[in-house]
Amino acid sequence: MNIGIPKEIKASEYRVALTPRAVKKLADMGNKVYVEKNAGINSGFKDIEYKESGATIVSSAKQLYNKSKLIVKVKEPQKHEYDLINKDHILFCYLHLAADKSLTKMLLNRGTTGISFETVQLPDGSLPLLVPMSRVAGTLSSHIASNMLHKDKGGLGKLICGLPGVKPAKVLIIGGGTVGLSACEAAIGLNAEVTVVDINTEKLSFFYNKFGGKVKTLPSYPDIIYRECKDADILIGAVLIPGSKAPKIIKKDYIKNMQKGSVFIDVAIDQGGSGETSRPTTHDDPIYTVNEVIHYCVTNIPSLVAVSSTKYLSNEILPYVEMIADGKHETHLPLKKGINTKNGKLLIEL
């Protein structure tokens with residue numbers, strides 16, 4: 001199959017979908033791989049490395065899309081890319097259709113087969129291609145929030161780890177999935193005081209047992225979240241319903257009740273956000289305030305560590321790219337779950 005790896009054009013998106021090592025494996029299987037010029041430069045990979053791995057370097061996105069059937073990206077196509085996509089393409093990337101009506105409409109109108117990383121699902125219900133970047137985003141969320149607490153950022157002026165005789169910052173995490181766990185591990189590593197809220201009592205038991213009772217665990221009731229938000233220095237939204245819009249768990253009243261200069265990181269913003277006050281931001285302009293609460297709602301957080309993120313993501317998606325190139329996406333059940341659009345039909349519930 002002809003496989004194309006375009007240069008990402010989303011604002012401040014520095015990742016690339018596949019490394020030269022992954023490209024070599026695809027080329028060795030007999031696939032023709034096209035890589036857009038400088039696609040990997042911000043992830044530490046030069047064009048010559050891709051060329052030596054068996055890829056053909058093309059000078060423009062238009063050339064790449066014209067030559068390729070399978071398009072492997074990181075982020076969803078941007079509006080400037082819509083005209084490049086046609087019914088013969090198979091698009092494999094993070095699509096997040098629940099949060100993007102215009103992209104959904106375009107894919108349906110074109111009849112494109114859209115396979116989304118975040119809805120590929122194993123028989124046990126796990127999401128193998130969402131997990132990697134969720135881990136990165138969750139880890140970064142605690143580090144970013146720690147920085148946002150600094151006074152020069154408009155924050156409270158607290159040190160997340162505290163000091164002798166001074167309490168550490170309180171971190172409240174809503175959602176105990178992959179993002180929540182990674183955010184919790186990072187926050188505990190920074191010696192913060194951490195509370196995790198989740199609707200699933202088994203997850204609460206997992207957090208309690210894993211961290212030896214060091215993490216406070218609470219069930220997800222509106223009055224509990226409202227109360228906990230009042231004292232939180234950092235609030236991390238990490239709620240996910242696979243393939244669907246994130247539920248608006250964090251209400252305007254909760255934000256209004258928070259301390260001035262506290263920080264809200266909405267990691268669920270890719271799927272529409274878990275807060276009523278959330279709206280997508282970019283790395284170029286990452287924050288805004290509501291009721292003097294700092295909001296950070298960047299839709300591609302892992303791009304901040306593009307070298308690490310690219311290697312991690314490439315390793316995880318490569319086996320699935322191989323299967324799609326072999327035409328197995330119609331029969332391989334986890335990949336079949338990942339098909340969001342095909343022949344003008346929407347195959348998932350948004």
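The values are calculated or read from the model by the stated rules, or taken from the named source; none is laboratory data. All values derive from a computational prediction rather than experimental measurement. Cβ: placed from backbone, ideal geometry, glycine included. Neighbour counts: every protein chain shown.
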Quick test for you: out of G44, G4, pick the one residue that is in contact with a helix residue (DSSP H, G or I) (Cβ under 6 Å, 6 or more places away or on another chain) and surrounded by fewer than 16 Cβ atoms within 10 Å (Cβ to Cβ). G44
Residue count for segment 305-331, restricted to those that are under 15 Å from the mean Cα position of the chain (by Cα) and either small (G, A, S) or at pLDDT below 95 (or both): 4
Identify all residues within segment 1-24 that are in contact with a strand residue (DSSP E or B) (Cβ under 8 Å, 6 or more places away or on another chain) and not in a loop (DSSP other than H, G, I, E, B); write none if there are none. N2, I3, G4, I5, V23
So in segment 122-175, with the set limited to residues that are outside the structural domain of T217 (by TED's automatic domain parsing) and free of Cβ contacts under 8 Å to residues at least 24 places away in the same chain, which one is farthest from the chain's Cα centre (by Cα)? D124
Any idea which of N291, N257 is in the same structural domain as L172 (by TED's automatic domain parsing) and at positive phi? N291
Tell me which residues, restricted to segment 240-261, are within 23 Å of the chain's Cα centre (by Cα) and modelled with pLDDT of 95 or more. K248, I249, I250, K251
Are there any pairs, at least 6 apart or on different chains, whose C-beta atoms fall under 6 Å, with the first in segment 206-226 and within 16 Å of N257 (Cβ to Cβ) and the second in a helix (DSSP H, G or I), and if so, which? Y226/Y254
Based on this model, can you work out whether Y65 counts as in contact with a Leu (Cβ under 7 Å, 6 or more places away or on another chain), within 17 Å of I324 (Cβ to Cβ) and of a type outside the set (V, I, T)? yes
Taking the criterion of being assigned to a strand (DSSP E or B), surrounded by 22 or more Cβ atoms within 10 Å (Cβ to Cβ), touching a helix residue (DSSP H, G or I) at 6+ places or on another chain (Cβ under 9 Å) and small (G, A, S), would at least one residue in segment 223-241 satisfy it? yes
A careful count of residues in segment 260-311 that are more than 30 Å from A22 (Cα to Cα) and either aliphatic (A, V, I, L, M) or in a strand (DSSP E or B) (or both) gives 14
Taking the condition over 20 Å from M133 (Cβ atoms), charged (D, E, K, R), in contact with an Asp or Glu (Cβ under 7 Å, 6 or more places away or on another chain) and in the same structural domain as K311 (by TED's automatic domain parsing), does K37 pass? yes
Single unsatisfied condition, Y50 versus (1) of a type in the set (F, W, Y); (2) closer than 17 Å to C93 by Cα; (3) in contact with a strand residue (DSSP E or B) (Cβ under 6 Å, 6 or more places away or on another chain): (2)
Residues in segment 97-113 that are small (G, A, S) and buried (at least 18 other Cβ atoms within 10 Å of the Cβ): how many? 2
Report every pair of residues separated by at least 6 positions or lying on different chains whose Cβ atoms are under 7 Å apart, first residue within segment 36-59 and in a helix (DSSP H, G or I), second aromatic (F, W, Y). N42/Y14; S43/Y14
Residue hits (segment 82-121; touching a residue at least 40 places away in the same chain (Cβ under 8 Å), within 20 Å of the chain's Cα centre (by Cα) and in a helix (DSSP H, G or I)) are L97, A98, A99, T104, F117, E118, T119
Being of a type in the set (D, E, K, R) and either within 17 Å of Y288 (Cβ to Cβ) or in contact with a strand residue (DSSP E or B) (Cβ under 7 Å, 6 or more places away or on another chain) (or both) is the filter here; which residues of segment 145-164 pass it? D152, K153
Among the candidates D266, D231, D223, single out the residue that is touching a Cys at 6+ places or on another chain (Cβ under 9 Å), of a type in the set (D, E), in the same structural domain as L140 (by TED's automatic domain parsing) and closer than 20 Å to V197 by Cα. D266
